[in-house]
Amino acid sequence: MKKIALLPLLLLLLSVFLTSCAQNEPVECEIFAMDTLMTVKIWGDERCLTQAVNEINRLDRTLSAVNENSEIFALNETGTAQLGEDTYALLSRAVELSKSTGGAFDPTVYPLVKLWGFPDGNYRVPDADALQSAVIGTEHVRFGGDTVTLDEGCMIDLGGIGKGYAAQCCIDLLAEQGVETAIVSLGGNVQTLGIKPNRSSWVVGIADPQEPSRAIATLVFQDSLAIVTSGSYQRYFELDGTTYHHIIDPETRYPADSGLASVTVLCDNGTTADAYSTALFVMGMEDGIEFWRREQDFEAVFITTDNRIFATEGAEDYLSECEFEVISR
Ligand code: AMP
Ligand code: MG
């Protein structure tokens, strides 16, 4: 009698054991979207992984300035468009972040990005007059209901914030589905969710700007975090011995020349981290540190063009395998 009653209990224990084994093994997917190779890895159900990948592809189609079927493309073409909830919210957030970063992050930088030839790879040094007469600035963007209207000549580029937003959406979606542990890696953007089942740390490398396939430092931590790097090595062209990279200083209208080779931002929110990394690269270290002291919602690792590493006080505990100087509050 006793033996028969034990059988269902044993089967139940076995199935719990097998499920927990399965949860300890992550499932992973690699995709090419937003112009970079991306990976999504989750400790959970394959169906959640598919949903996360679909979410990234959907955002790529919606937010891209070069995809002719995207909402942003339509807005830039016609100067006015009814936007979906996501796009409207992200553009509003981008404008807010432009204001809080004193215009260093600017989603209206697209006319300049185009003049420099980055969207189509037809690189050139633009005529100085053409650069100066380009219409940029968030005062040229007007929001009403669900419709956005741009002044003549103004165009939107969410390239400086889109990947961070996609990573954040992906993590939110996974968390809603009950996934407790995941890591999404979208180009220079990495975002983690939760603690790994075996409690080992997350280890995220910071690329050496002089030799990007190699890590110059690593960040080691346990829990949820967004880590976003903006660097001049990520996209650039060379002409007559000069290198021109893809992060434009809206003030000078030329590639930012702030003495930095890269900035890595550590933040709870992927969207904010992405906008901040672009903004800090434009600001340079001195103004970037001022900004860090004022905002209090992120930490940063700066790498200068002569490869010195500076970490804000709160980033110190995360950094390993490198020598660096600490910036105090
Ligand atoms: P990130 O790699 O996040 O720093 O973003 C760089 C991309 O954002 C560029 O390829 C441009 O499409 C766009 N971008 C360039 N300069 C700026 C800027 N100052 N503010 C916002 N977006 C920018
Ligand atoms: Mg960015």
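Remarks
- Reported count of residues in segment 281-321, each being of a type in the set (Phe, Trp, Tyr), part of a loop (DSSP other than H, G, I, E, B) and away from ligand 1 (no atom under 16 Å from the Cβ), is 1.
- The residues listed here are Thr272, Thr278; of these, the one that is within 24 Å of Gly121 (Cα to Cα), at pLDDT 95 or above and in a helix (DSSP H, G or I) is Thr278.
- Residue check for Thr218: in contact with a Lys or Arg (Cβ under 8 Å, 6 or more places away or on another chain), hydroxyl-bearing (Ser, Thr, Tyr) and either at positive phi or away from ligand 2 (no atom under 16 Å from the Cβ) (or both): no
- On inspection, Ile289 does not qualify as buried (at least 24 other Cβ atoms within 10 Å of the Cβ) and not hydroxyl-bearing (Ser, Thr, Tyr).
- Screening Phe221, Phe281 for residues that are surrounded by fewer than 19 Cβ atoms within 10 Å (Cβ to Cβ) and in contact with a strand residue (DSSP E or B) (Cβ under 6 Å, 6 or more places away or on another chain) leaves exactly one candidate, Phe221.
- Subset of segment 125-153 [within 16 Å of ligand 1 (Cβ to nearest atom) and free of Cβ contacts under 8 Å to residues at least 60 places away in the same chain]: Pro126, Val135, Thr138, Glu139, His140, Val141
- Within segment 56-75, tally of residues that are in a helix (DSSP H, G or I) and out of contact with any helix residue (DSSP H, G or I) (no Cβ under 8 Å at 6 or more places or on another chain): 6
- Listed by first and then second residue, the pairs linking a residue in segment 96-109 that is closer than 20 Å to Glu77 by Cβ and more than 12 Å from ligand 2 (Cβ to nearest atom) to a residue that is of a type in the set (Val, Ile, Thr) and assigned to a loop (DSSP other than H, G, I, E, B), with Cβ atoms under 6 Å apart and 6 or more places separating them unless they lie on different chains, are Thr108/Ile136.
- Residue, farthest from ligand 2 (Cβ to nearest atom), within segment 147-157, restricted to residues that are more than 11 Å from Val113 (Cβ to Cβ) and touching a Leu at 6+ places or on another chain (Cβ under 8 Å): Thr147
- Contact map, segment 256-285: first residue touching a residue at least 12 places away in the same chain (Cβ under 8 Å), second residue of a type in the set (Lys, Arg) and buried (at least 24 other Cβ atoms within 10 Å of the Cβ), Cβ cut-off under 9 Å, separation 6 or more or different chains; pairs are Gly270/Lys163; Asp274/Lys163.
- Some residue of segment 304-319 being within 16 Å of ligand 2 (Cβ to nearest atom) and surrounded by 23 or more Cβ atoms within 10 Å (Cβ to Cβ): no
- Residue check for Asp120: among the acidic types (Asp, Glu) and part of a helix (DSSP H, G or I): no
- For segment 92-114, the criterion of being part of a helix (DSSP H, G or I), more than 9 Å from ligand 1 (Cβ to nearest atom) and in contact with a strand residue (DSSP E or B) (Cβ under 9 Å, 6 or more places away or on another chain) is met by at least one residue.
- Test result for Val203, in contact (Cβ under 8 Å) with a residue 12 or more places away in the chain, loosely packed, with under 15 Cβ neighbours inside 10 Å, away from ligand 1 (no atom under 16 Å from the Cβ) and among the aliphatic types (A, V, I, L, M): yes
The values are calculated or read from the model by the stated rules, or taken from the named source; none is laboratory data. Predicted model only: the values in this text are computed from it and were never measured. FYI the Cβ positions are ideal-geometry reconstructions off the backbone, even for glycines, and counts take in every protein chain you see.
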